[in-house]
Amino acid sequence: MTPSRLTRLEQGIGWGLIVLVAVMPFHAFLSVWLGSLTGHQSLIQAWKELLVVILAVAAAILIWFQPERLRHGGKVLPLSALIFGIIALGATLLHPQSLSAIIYGIKTDFEFIILFFVALWGSGRQLYLKLPAVILVTSGLVAGFGILHATVLPHDILTHFGYGPDTVAPFQYVGNLSDTIRTPSTLGGPNQLGSFLILPLSLAVAMWFKRPRWSLVLAATLYLGALWYTYSRSAWIGAIVAVAVTIAAGLNSRRQAIQFAAVTAAVLAISLGALSLSSHSKGPYEYFILHSGAGVETSNSTTQHAAALESGLETIRNSPTGSGLGSAGPASFHAVTKLIPEDYYLQVAIETSLAGLLAFLAFVSAAGAKLWTKRYQHVLMPSLIGALAGLSVVNLFLHGWADSSTAFIFWLTAGAAIAGATKRV
């Protein structure tokens, strides 16, 4: 294949990845809406899998003719991902689930990893430079609609686009007896929206510290407003961690680091003190943080989370070699027994064993380390480092990486950023 054709192929991969970043924030909305109009929602939802396959094949062709691309990112990333895949395959062969559950398990656990390597080994410079603007604009649209949905628009407006009990809930309540809604905006739910907003918020913060602009303040305000109306406690915690780590990653002197650490410690101490005081009274703490109190049923989400975690840990103890792909998490809706442990790491351990979890954590850690070593090369780096920290926290409480919008956008952006920074050296 001639160099010009390889260049065009690389550009095509870049534009395909941009399409994913631009459309995935609206994937759930478009799938439900178009599915309600055509009656083929599952087929419509499969567009992203088809595109991922096409991009993966294109990247494989590029690597065949330009094997030096495999050097991007080093050896630990592909090796840890390969080991994770082998362990997952072994666990699935030992404890096979239904074919449907296995397919969805592969989608949940490996699709975003494949996209990461497609971007790492197949993307060009244009993707590296264009992604920040695409992320900020599309996320701003999502956040803006989320705020309007929670404050101005009729709460049931999404029912006119096919939302309902058989597809996606048009909104949720903070409690079953509450009248305070949690907006999903165009995502699959309020928790998914909260996780999704962590990367654009981190990016806006990183860009503001590099070059302060009012447009970035407006963007961050939109993201924070929509984040508030998700009432997703895990997303709130993840966003705080993400912003703090983003700022820390962008500091370039010891003096700045000491000042930031002092301010962070003071803010944390004040916040914990205020939280401790408010916990002794009936009010916002009990309602918004614990999701309990007046108007909220006694069997609240905190208790349900604890029960789900306990059930997940018990499953690991009973099946230390793993239960196979599709046996836990959202994919288990297609298995014989549904198991939602409310923790992505537990999901991976249940499916692939503790060895599989260690391999997965090695992959995530290697990606974070690679981003850290290049943190001064582009504004994407500190924001990705912060978002990775925040989303890693979210995954302690939710199946964060199981949401394709969040996982696709973060991991392909991380792959493209590492590749782009590598090519600059």
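To the nearest 20 debye, what charge dipole does the chain have about its Cα centre, counting +1 at the Cβ of each Lys and Arg and -1 at the Cβ of each Asp and Glu?
1940
Beyond 27 Å between alpha-carbons counts as too far, so tell me which of 107/338; 107/374; 130/370; 48/210; 338/370 fall in that bin.
As for pairs spanning more than 27 Å Cα to Cα, those are 107/374; 48/210; 338/370.
Please calculate how many Å² of accessible area segment 306-425 carries per residue, with a 1.4 Å probe and no DNA, RNA or ligand atoms counted.
Averaged over the residues of segment 306-425, the accessible area is 33 Å².
Could you tell me whether segment 332-415 comes out rounded, prolate or oblate from its Cα gyration tensor? Rule is a ≥ b ≥ c as square roots of the eigenvalues, rounded for a/c under 1.5, then prolate if a/b exceeds b/c, otherwise oblate.
Prolate, because a/c is 1.5 or more and a/b exceeds b/c.
Mind checking which of 328, 352, 239 is farthest towards the positive end of the chain's charge dipole, using Cβ charges of +1 (Lys, Arg) and -1 (Asp, Glu) about the Cα centre?
239
If packing is taken as the average count of other Cβ atoms within 10 Å, what order do 189-197, 341-349, 104-112 fall into, highest mean first?
Highest mean packing first, the order is 189-197, 341-349, 104-112.
Taking the square root of 5 times each eigenvalue of the Cα gyration tensor, what semi-axes in Å does the equivalent ellipsoid of the chain have, largest first?
Taking √(5λ) for each eigenvalue gives 32, 27, 23 Å, largest first.
Would you please calculate the Kirkwood hydrodynamic radius of segment 11-103 over all C-alpha pairs and express it in Å, rounded to one decimal?
16.3
Viscosity 0.890 mPa s, temperature 25 °C: give me the Stokes-Einstein translational D for segment 135-231 in µm²/s, with Rh taken as the Kirkwood radius over C-alpha pairs.
Taking Rh from Cα pairs, D becomes 179 µm²/s.
Which shape class applies to segment 45-99: rounded if a/c is under 1.5, otherwise prolate when a/b exceeds b/c and oblate if not, where a ≥ b ≥ c are the square roots of the Cα gyration tensor eigenvalues?
Taking the square roots of the gyration eigenvalues as a ≥ b ≥ c, segment 45-99 is oblate.
With θ set to phi - 60°, apply the Karplus curve 6.51 cos²θ - 1.76 cosθ + 1.60 along segment 217-224 and write out the HN-Hα couplings as whole Hz, x wherever there is a Gly or Pro.
3J(HN,Hα) across segment 217-224, in whole Hz: 5, 4, 4, 5, 5, 4, 4, 5.
Computed FRET efficiency, Cβ-Cβ of residue 153 and residue 64, R0 45 Å: what is it to the nearest 0.05?
The value I calculate is 0.35.
For the chain, which whole-number percentage of the solvent-accessible area (1.4 Å probe, protein heavy atoms only) is attributable to carbon and sulfur atoms?
Carbon plus sulfur share of accessible area: 69 percent.
Build a GNM of the chain with springs between Cα atoms under 10 Å: which of 157, 135, 198 gets the top mean-square fluctuation?
Ranking 157, 135, 198 by mean-square fluctuation puts 157 first.
Going by average Cβ density within 10 Å per residue, which order do the peptides 39-52, 22-35 take, highest to lowest?
22-35, 39-52
Segment 322-339 to segment 366-412: how many Å between their Cα centroids?
25
Based on the alpha-carbon gyration tensor of segment 98-176 and its eigenvalue square roots a ≥ b ≥ c, which shape applies: rounded if a/c is under 1.5, prolate if not and a/b is larger than b/c, or oblate?
Oblate, since a/c reaches 1.5 and b/c is not below a/b.
Residues with amide H under 5 Å of residue 172's amide H, sequence separation 5 or more or different chain, H placed in the peptide plane at 1.01 Å from N; which?
Excluding prolines and chain starts, which carry no amide H, the hits are 182.
Please report the equivalent ellipsoid semi-axes of segment 1-155, computed as sqrt(5 x eigenvalue) of the Cα gyration tensor, largest first, in whole Å.
Largest first, segment 1-155 gives 30, 24, 15 Å.
The values are calculated or read from the model by the stated rules, or taken from the named source; none is laboratory data. From a predicted model like this one, the values you see are computed outputs, not experimental measurements. Glycine also receives a Cβ, built like all others from the backbone with ideal geometry; neighbour counts cover every protein chain displayed. The area values use the complete protein model at the heavy-atom level, side chains included, leaving out ligands, DNA and RNA. Shrake-Rupley method; radii C 1.70, N 1.55, O 1.52, S 1.80 Å.
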